[in-house]
Amino acid sequence: MAAELHSKENTLVMRKRLIGQSCRLFFSHDPIKILKARGQYLYDENGMEYLDCISNVHHVGHCHPDVTQAAASQMELLNTNTRFLHDNIVTYAARLSATLPDKICVFYFVNSGSEANDLALRLARQYTQNEDIMVLEHAYHGHLTSLIDISPYKFKKLGGQKEWVHVAPLPDTYRGMYREDHPDPAQAYADTVKSVIDQVQSKGRKIAAFFAESLPSVGGQIIFPHGYCPKVAEYIRDAGGVYVADEVQTGFGRVGSHFWAFQMQGKDFCPDIVTMGKPMGNGHPLACVATTEAIAEAFTGNGVEYFNTFGGNPVSCAVGLAVLDVIEKEDLRGNATRVGGHLKELLEKLQKKHSIIGEVRGVGLFLGFEMVKDKTERTPATLEAAHLVQKLKDERICVSTDGPWESVIKFKPPMCFSMEDAERVAKAIDQILKDGSFSEWSKDEIQQSFIEDHLINTS
């Protein structure tokens, strides 16, 4: 029996009654009810089309026919517990292996990025026999209790920092302690990690792992200075820990130039553990932990079986294989480079034109621009950013904010985003800023819309 189609108003009433209120909607004060999606476009109950600049999960485009066909065909044939032998899981692992450094060659399939990071935590601790974890300021690694504990973005609002968690400065060359005029920000920020390690060791504690998104998203679409990660990995390994690269948001070619964002740090840099999720299944629950033989052997050596009932099931792996095929067939990495580069150029032109745009940053189709009240002081323009998001929604363009002050407008659209889409976005932003339409809303109205959309942060 098909689900009953309710009016938007009735759906909102039912959602408020039945769904936990901490589960927030985009544009909470006036949400969009989406009934259909194709490619980079969303369609509401009235058939109105919206350009999706948010859905990095739907990596190769919403409802891609190759992906949906792969899922349907395999679902019709078989979907079962992963402890039965099946070709799809090993075929998919081999395909993933070809994209990674040779050292990263053992795979554990799970259902979500949070599951992947939780398992990475277990692997690191089992291998090193240490407990403590180091992360970056504003980091977010998932919603499980274990990951809330290592996510400053969350734990600062909840139970606080555990004694075994240590936070290093985010290597942000726009707002951080070492900025774009520093002669060697990579080394300077890496040395801050070394300082934290020294503090940890002085207390008799030992580091198990350094966790970092290869390009921090919640932190504000940050691009690490080149050379930072290899130096951090050296310091962490010298301290007896391992380097975990969280690619849940940035993997599978989003940066364009490379398949994995950590590869931007140089061909010789290799993490010890790589976690992946979101774009793997194009909206289907599929995630993975990839690691070295030595770490995998240590995990096996604890004598406790690991199994994940449906992680890596035949349907999920069929979907994952289809996603890889589409990335190659449609040259989506090349598209990310071309279209992302064009959008970044358009945004940089707007930066010169509008003083409220402080910095444009990013690579491929992982982009953002920081809104500021004053370019010299770099004062975050938080409410103005929230207002711009609302005005863009009125133009049927969906974007969102991020960063410690929610002052960064971020772009992580489906990888089929086009040149025309980039032009449309830039033109709309220019028109909104040029018209001075911010004055159309009172400060109280902007404040209220911000509170409704950001009272409980989502990611």
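Only the coordinates and a few stated rules stand behind these numbers; no lab work does. These numbers were taken from a predicted model, which means no experiment stands behind them. With ideal geometry, Cβ positions are generated from the backbone for all residues, glycine too; neighbour counts draw on all protein chains shown.
Report the FRET efficiency, 1/(1 + (r/R0)^6), for residue 15 and residue 184, where r is their Cβ-Cβ distance and R0 is 51 Å, rounded to 0.05.
0.50
For a quick check: with amide H placed at 1.01 Å from N, whose amide H comes under 5 Å from residue 168's, ignoring anything fewer than 5 positions away on the same chain?
Amide H neighbours of residue 168, under 5 Å, 5+ apart: 135, 136, 137.
What are the principal axis extents of the Cα atoms in the range 165-291, in Å, biggest first?
Dimensions of the range 165-291 along the principal axes of its Cα atoms: 45, 35, 27 Å.
For residue 8, give me every one of the lysines with a C-alpha distance below 16 angstrom, ignoring sequence neighbours fewer than eight places off in its own chain.
Once the sequence-local lysines are set aside, what remains near residue 8 is 16, 33, 36.
Taking a ≥ b ≥ c as the square roots of the Cα gyration tensor eigenvalues, with a/c under 1.5 meaning rounded and otherwise prolate when a/b beats b/c, else oblate, which class fits the range 226-350?
oblate
Determine the principal axes of the Cα atoms in the range 1-71, then give the extent along each, sorted from largest to smallest and rounded to whole angstroms.
Taking the Cα atoms of the range 1-71, the three principal extents are 37, 32, 25 Å.
Grab every C-alpha pair in the range 143-228, bin the distances at 5 angstrom width from 0 up to the longest one, and report whole percents.
Spelled out per bin, shortest first, that is 3, 13, 22, 22, 21, 14, 5, 1.
For the ranges 87-94, 196-203, 304-311, what's the packing order if you count other beta-carbon atoms within 10 Å of each residue, average per peptide, and put the highest first?
Result, highest mean Cβ count within 10 Å first: 87-94, 196-203, 304-311.
Taking R0 as 35 Å, what FRET efficiency do you get between residue 306 and residue 34 from their Cβ-Cβ distance, rounded to the nearest 0.05?
0.40
Between residue 80 and residue 435, what length comes free when the chain is fully extended (0.36 nm per residue of separation minus the Cα-Cα distance, one decimal in nm)?
Length gained, residue 80 through residue 435: 122.1 nm.
Provide the packing ranking of 286-297, 241-252, 42-53, i.e. peptides ordered by the mean count of other C-beta atoms within 10 Å per residue, highest first.
241-252, 286-297, 42-53
Compute the label zone of residue 90 within the range 302-322: residues whose backbone N is under 15 Å from the point 7 Å along Cα-to-Cβ.
314
Which percent, to the nearest 5, of DSSP beta bridges fully inside the range 228-321 are antiparallel?
Given both bridge residues lie in the range 228-321, the antiparallel proportion sits at roughly 50 percent.
Modelling each spin label as a point 7 Å along the Cα-to-Cβ direction, I'd like the residue 131/residue 427 distance in nm, to one decimal.
Here the answer is 6.0 nm between the modelled labels.
Place a +1 charge on the Cβ of each Lys and Arg in the range 145-257 and a -1 charge on the Cβ of each Asp and Glu, then give the dipole magnitude about the Cα centre in debye, rounded to the nearest 20.
Dipole of the range 145-257, to the nearest 20 debye: 420 debye.
Membrane-span-like helices in the chain: DSSP H runs reaching 27 Å or more (Cα, own axis), mean Kyte hydropathy at least 0.5?
Qualifying helices, which must be both long enough and hydrophobic enough, do not occur.
Could you check what % of the DSSP bridge pairs in the chain are antiparallel, to the nearest 5?
Antiparallel bridges: around 65 percent, rounded to the nearest 5.
Extension gain residue 355-residue 164, at 0.36 nm per residue separation less the Cα-Cα distance, in nm?
64.5 nm
Treating only the Cβ of Lys, Arg, Asp and Glu as charged (+1, +1, -1, -1), what charge dipole size does the chain show about its Cα centre? Round to the nearest 20 debye.
Charge dipole of the chain: 360 debye, to the nearest 20.
If the reach is capped at under 20 angstrom between alpha carbons, list the aspartates and glutamates near residue 353, excluding any in the same chain fewer than eight residues apart.
List returned: 345, 370, 374, 377, 384, 423, 430, 435.
Using the structure shown, list the pairs from 154/194; 194/375; 278/352; 267/375 with a Cα-Cα distance above 30 Å, or answer none.
Checking Cα-Cα distances, 194/375; 278/352; 267/375 exceed 30 Å.
Which one, 41, 155, 282, projects farthest toward the positive side of the charge dipole computed for the chain from Cβ point charges (K/R +1, D/E -1)?
155
How much length would be gained if the chain were fully extended between residue 348 and residue 5, taking 0.36 nm per residue of separation minus their Cα-Cα distance, in nm to one decimal?
Full extension from residue 348 to residue 5 adds 119.1 nm.
Of the peptides 272-282, 418-428, 221-231, how do they stack up when ordered by the mean number of other Cβ atoms within 10 Å, highest first?
Going from most to least packed, we get 272-282, 221-231, 418-428.
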